[in-house]
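Reading through the structure tokens given below for one structure.
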Amino acid sequence: MRKPIIAGNWKMFKTFDEAVEFTESVREKVPSEEKVDAVICAPAIFLPTLVDIAMETDLAIGAQNMHYENEGAFTGEISPSQLASINVDYVILGHSERREYFNETDEAVNKKVRAALANGIVPIICCGETLEEREAQKTEEKVSSQITAALEGFTPEEVNHMVIAYEPIWAIGTGKTATADDANAVCGKIREVVEGLYGKETAESIRIQYGGSVKPENIEELLLKEHIDGALVGGASLDQESYLALLNKAQ
Ligand code: PEP
């Protein structure tokens with residue numbers, strides 16, 4: 001039985017005071033981590049403070065991106081060892097917004113996954129198709145190639161520490177959700193790809209989230225599906241009540 005994981009992706013939203021207020025207010029209300037993993041992926045500038053606030057609670061804090069080198073002349077970047085040095089637990093990698101606006105490639109995602117694991121950070125690896133690709137029946141081809149590239153060169157034991165997020169690009173921030181059956185079919189395909197690369201046991205244990213306009217009203221139907229083990233949530237994670245409702249419905 002895979003434990004559900006609900007990760008909020010705050011993107012470039014919230015001021016410092018808003019982030020602190022949210023985290024202080026939800027930290028004691030999130031369900032036990034024995035039942036569900038609760039994560040907030042916040043803007044990097046807030047991470048040290050939020051990690052302190054969430055310390056010794058069931059809330060985990062994640063980053064939204066990082067470089068793949070531990071140090072170097074990369075002005076403006078943040079390294080995996082820097083994130084690890086402030087006890088960040090998770091990092092979102094290869095989000096479609098980073099692929100689209102910041103030219104993040106499959107190769108860079110693969111290097112970042114390796115760097116995250118080397119620093120004890122759980123990578124949440126995103127994949128997903130555009131509307132054009134879906135309409136051209138290229139969804140499976142697209143996510144298979146993204147996942148094959150991201151997972152290249154690991155051991156099954158390393159893959160067990162990863163989380164995958166299937167996020168159809170046309171459903172992100174649009175209010176359009178894939179049907180639970182469609183989302184499950186693609187998550188099932190991703191599990192098949194993992195099985196082909198790393199065997200059945202690894203494929204059965206890796207957690208695969210769905211992301212794309214998930215909210216308290218639709219999360220239960222999605223989580224009932226065989227291959228959907230949680231959600232990566234943008235908009236609905238910005239509001240305390242809705243974030244807590246997502247967690248409570250997932251446990
Ligand atoms: C996301 O940011 O990864 C996302 C799925 O956003 P939203 O829930 O707003 O569609």
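In region 74-100, the qualifying residues are those that are touching a residue at least 60 places away in the same chain (Cβ under 8 Å) and not acidic (Asp, Glu), and the one that is nearest to the ligand (Cβ to nearest atom) is 95. With respect to the conditions (1) within 16 Å of the ligand (Cβ to nearest atom); (2) under 22 Å from residue 219 (Cβ atoms); (3) hydrophobic (A, V, I, L, M, F, W, C), residue 185 falls short on a single one, namely (1). Looking at this structure, is residue 169 away from the ligand (no atom under 11 Å from the Cβ), buried (at least 19 other Cβ atoms within 10 Å of the Cβ) and touching a residue at least 40 places away in the same chain (Cβ under 8 Å)? Answer is no for this residue.
For first residues located in region 147-158 and surrounded by fewer than 19 Cβ atoms within 10 Å (Cβ to Cβ), partners that are among the polar types (S, T, N, Q) and lie 6+ apart or on another chain with Cβ distances below 8 Å form the pairs 149/110; 152/110; 153/110; 156/202. Say whether the condition of being in contact (Cβ under 8 Å) with a residue 24 or more places away in the chain, buried (at least 22 other Cβ atoms within 10 Å of the Cβ) and away from the ligand (no atom under 15 Å from the Cβ) is met by at least one residue in region 224-239. Yes, region 224-239 has at least one match.
Quick check, is residue 180 farther than 16 Å from residue 114 by Cα and either modelled with pLDDT under 95 or of a type in the set (A, V, I, L, M) (or both)? Don't jump to the end; show me each part of the working.
Details: farther than 16 Å from residue 114 by Cα: yes; either modelled with pLDDT under 95 or of a type in the set (A, V, I, L, M) (or both): yes.
Yes: the conditions hold for residue 180.
Conditions (1) within 20 Å of residue 111 (Cα to Cα); (2) more than 14 Å from the chain's Cα centre (by Cα); (3) crowded, with 18+ Cβ neighbours inside 10 Å, marked per residue:
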{"site": "1", "(1), (2), (3)": "no, yes, no"}
{"site": "22", "(1), (2), (3)": "no, yes, yes"}
{"site": "57", "(1), (2), (3)": "no, yes, no"}
{"site": "69", "(1), (2), (3)": "yes, yes, no"}
{"site": "93", "(1), (2), (3)": "yes, no, yes"}
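Residues of region 198-214 that are surrounded by 17 or more Cβ atoms within 10 Å (Cβ to Cβ) and either more than 12 Å from residue 6 (Cβ to Cβ) or of a type in the set (Val, Ile, Thr) (or both): 198, 202, 203, 206, 208, 212, 213, 214.
Candidates are the residues of region 53-98 that are in contact with a strand residue (DSSP E or B) (Cβ under 8 Å, 6 or more places away or on another chain) and hydroxyl-bearing (Ser, Thr, Tyr); the one that is nearest to residue 119 (Cα to Cα) is 90.
The values are calculated or read from the model by the stated rules, or taken from the named source; none is laboratory data. The structure presented is a predicted model; accordingly, all values stated were derived computationally and were not measured. Ideal geometry is used to build each Cβ from the backbone, glycine not excepted, and the neighbour counts take in all protein chains shown.
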